[in-house]
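The values are calculated or read from the model by the stated rules, or taken from the named source; none is laboratory data. In this text the structure is predicted, and so the values were computed from the model without any measurement. For neighbour counting, all protein chains shown are included, and Cβ atoms are generated from backbone atoms with ideal geometry for every residue, glycine included. In case anyone asks, the SASA skips ligands and DNA or RNA and just uses the protein heavy atoms, side chains included. Shrake-Rupley method; radii C 1.70, N 1.55, O 1.52, S 1.80 Å.
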Amino acid sequence: MAQTILVTGSTSGFGRLTVETLARQGYIVFAGMRAVAGKNAPAAEELRVLAEREHLALHIVAIDITDDASVEQAIASIVGITGRLDVVVNNAGIAYGGPLEAFTSEQVQQQFDTNVFGVLRVNRAALPHMRRQGSGLLLQIGSIAGRLALPFLGLYAATKFALEGLTESFRDELAPFGIDAAIIEPGTYPTPIAAKDLSAADTERAALYQSAIDAFMTPFYAENRSATPPDPQEVADAVARVIAQPAGERPLHTVVATVAQRRAPQAINDAVPQATRSFFETLALPLATLAPKREK
Ligand SMILES: NC(=O)c1ccc[n+]([C@@H]2O[C@H](COP(=O)([O-])OP(=O)(O)OC[C@H]3O[C@@H](n4cnc5c(N)ncnc54)[C@H](OP(=O)(O)O)[C@@H]3O)[C@@H](O)[C@H]2O)c1
């Protein structure tokens, strides 16, 4: 039976490409989006037309990940239709840019409410169904900014660092239930996120940093503006590859980035398992592992 997959934030960028990619591979895909009857009505309609034209099992589900009731309703409606939920791709996210001291507490709250608390909400709603099935995958979309500390992206990066820790803990905690967790770490890709221009509200303080911001941001995003920008489809393909791997064999971290951006986060990823294992062994802590589950 085809697996049922929820992808949050499917109106544009990685989410949109991911739902199309997964649906074309034969999965039953629920394209999660907020404001389905409002500003995202055209995006929802485009996916409905695509699904009909290509005979895909691609459905729209309304989900605002900052709203408990919306998240619970979305998960319940998916399970009501297919009877199961095999994979959640926690893709929805927002990105504030600017110096840390220039954000208001409301902005900090909003950044974390979407990128971190939103993921916890979705996973909390999904897990009882996965536990009942004895299988499942929580796949977070992190960032290389969740591996390396970067200036002027620090607020956003803090949420992606949080996702790293949450994913590792989920992986350990959920292994005994047969449920897997993993994280994809994209580099910079030219998706609509940059144009959403969420900047620090205290413009007076932000102005004090302007020359340093320009000096950092211009080279950091240079590849996105080049004649051959990185292709966001690479992220959708990486998501599909991780989903297709058997439980217990999936990489915990997957960096998806240009060669120049990939090296440093990959080096950190390579160091983490050994350091973690040695910590657990030194303290004689039990280390849970997920045994690959083979279909009979
Ligand atoms: N592009 C990059 O360079 C890059 C690099 C590393 C990681 N990422 C991560 O990749 C993920 C996707 O980003 P993207 O680059 O593809 O940007 P995007 O095109 O702006 O997509 C973000 C998606 O998240 C949705 N979203 C935001 N808040 C939401 C909420 N409260 N409830 C439900 N959906 C919500 C957006 O919906 P609306 O249309 O309604 O706003 C949109 O569908 C994000 O987690 C981002 O942090 C991006």
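Scan region 29-69 for GluC sites (Glu not before Pro) in coil per DSSP, keeping those whose Cβ has at most 10 other Cβ atoms within 10 Å, and list them by number.
Sites meeting the loop and neighbour criteria: none at all.
Between GLN274 and LEU148, the modelled labels are 2.1 nm apart [label points 7 Å from Cα along Cα→Cβ].
The listed residues HIS55, HIS253, once ranked by accessible area (1.4 Å probe) with the largest placed first, stand as HIS55, HIS253. If R0 is taken as 25 Å, the Cβ-Cβ distance between ALA212 and THR66 corresponds to a FRET efficiency of 0.20. Maximal additional length on extending the ALA284-LEU120 stretch stands at 56.2 nm, based on 0.36 nm per residue less the C-alpha distance. Counting only heavy atoms of the protein chains and using a 1.4 Å probe, SER169 has close to 60 Å² of accessible surface.
The smallest convex shape that holds all Cα atoms of region 77-182, its convex hull, gives 89 Å³ per residue. A simple count of charges around ALA2, restricted to other residues whose Cβ falls under 12 Å of its Cβ and scoring Lys, Arg +1 and Asp, Glu -1, yields 0.
Taking the solvent-accessible surface of protein heavy atoms with a 1.4 Å probe, what is the per residue accessible area of the chain in Å²?
Per residue, the chain has an accessible area of 48 Å².
Heavy-atom surface analysis with a 1.4 Å probe gives the chain a carbon and sulfur content of 56 percent of its accessible area. FRET efficiency for ALA267 and ARG48, Cβ-Cβ distance as r, R0 = 35 Å, nearest 0.05? The calculated FRET efficiency here is 0.20. Of the residues ARG277, ARG84, ranked by 1.4 Å probe accessible area with the largest first, the sequence reads ARG277, ARG84. Over all other residues within a Cβ to Cβ distance under 10 Å of TYR189, the charged ones net out to -3, with Lys and Arg as +1 and Asp and Glu as -1. Report the local net charge at ALA200: Lys and Arg +1, Asp and Glu -1, summed over other residues whose C-beta lies under 13 Å from its C-beta. Net charge in that neighbourhood comes out at -4. When the chymotrypsin sites (Phe, Trp or Tyr not before Pro) in region 129-235 are filtered for DSSP coil states and for at most 14 other beta-carbon atoms within 10 Å of their beta-carbon, the remaining sites are TYR221.
Extending 7 Å from the Cα toward the beta-carbon at both SER105 and ALA222 defines two label points whose distance is 4.1 nm.
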